[in-house]
Amino acid sequence: MAKRSSYQQRVIRNYYDNRDTIMMQRLGDLVTDLFLAEGKARVKLWKRVATTLEKLKVPADRIEHLVQSDNPTLLANELKELLKET
């Protein structure tokens, strides 16, 4: 494995320091995309939403409920609650 430069180490450290903020932004983008998506694209987006929510440490039963509801409005409300917590 190659050594990382100090710049690369800083970039990696900053990513992990700001990971929650990055995931919140990604989730916001996914909510917008879900409102516009249909068919197979919508199914793929819900899978990405589930992965993002797992990284944000949302309980598994809550994730399952959101994905099975297939309702972007519920997801937007969940995002609003997550933003209040931070």
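In the set V49, V67, which member is in contact with a Phe, Trp or Tyr (Cβ under 8 Å, 6 or more places away or on another chain) and of a type in the set (A, V, I, L, M, F, W, C)? Outline the logic, then answer.
Numbers: V49 fails: in contact with a Phe, Trp or Tyr (Cβ under 8 Å, 6 or more places away or on another chain).
V67 is the lone residue from the list that is in contact with a Phe, Trp or Tyr (Cβ under 8 Å, 6 or more places away or on another chain) and of a type in the set (A, V, I, L, M, F, W, C).
Beta carbons closer than 7 Å, at least 6 apart along the sequence or on distinct chains, never pair a first residue in segment 10-24 that is more than 12 Å from K57 (Cα to Cα) with a second that is not in a helix (DSSP H, G or I).
Within segment 57-71, residues that are within 13 Å of V43 (Cα to Cα) reach partners that are assigned to a helix (DSSP H, G or I) and not hydrophobic (A, V, I, L, M, F, W, C) with beta carbons closer than 8 Å, at six or more positions or on different chains, in the pairs L66/E78; D70/R42. With respect to the conditions (1) hydrophobic (A, V, I, L, M, F, W, C); (2) touching a residue at least 12 places away in the same chain (Cβ under 8 Å); (3) surrounded by fewer than 16 Cβ atoms within 10 Å (Cβ to Cβ), V43 lacks only one, and its number is (2). Of the set (1) modelled with pLDDT under 95; (2) assigned to a helix (DSSP H, G or I), all apply to R4 but (2).
So, T21, is that one among the β-branched types (V, I, T) and open to solvent by 60 Å² or more (accessible area, probe 1.4 Å) or not? So T21 fits the description; yes.
Looking at S6, S69, which one is among the small types (G, A, S) and open to solvent by less than 50 Å² (accessible area, probe 1.4 Å)?
Working: S6 fails: open to solvent by less than 50 Å² (accessible area, probe 1.4 Å).
Just one listed residue meets the conditions, S69.
The values are calculated or read from the model by the stated rules, or taken from the named source; none is laboratory data. Because the structure is predicted, anything quoted here is derived from the model rather than measured. Because the Cβ atoms are built from the backbone with ideal geometry, glycine has one as well, and the counts that use them run over all protein chains shown. Each accessible area value is taken on the protein alone, full model and side chains, heavy atoms only, with ligands, DNA and RNA left out. Shrake-Rupley method; radii C 1.70, N 1.55, O 1.52, S 1.80 Å.
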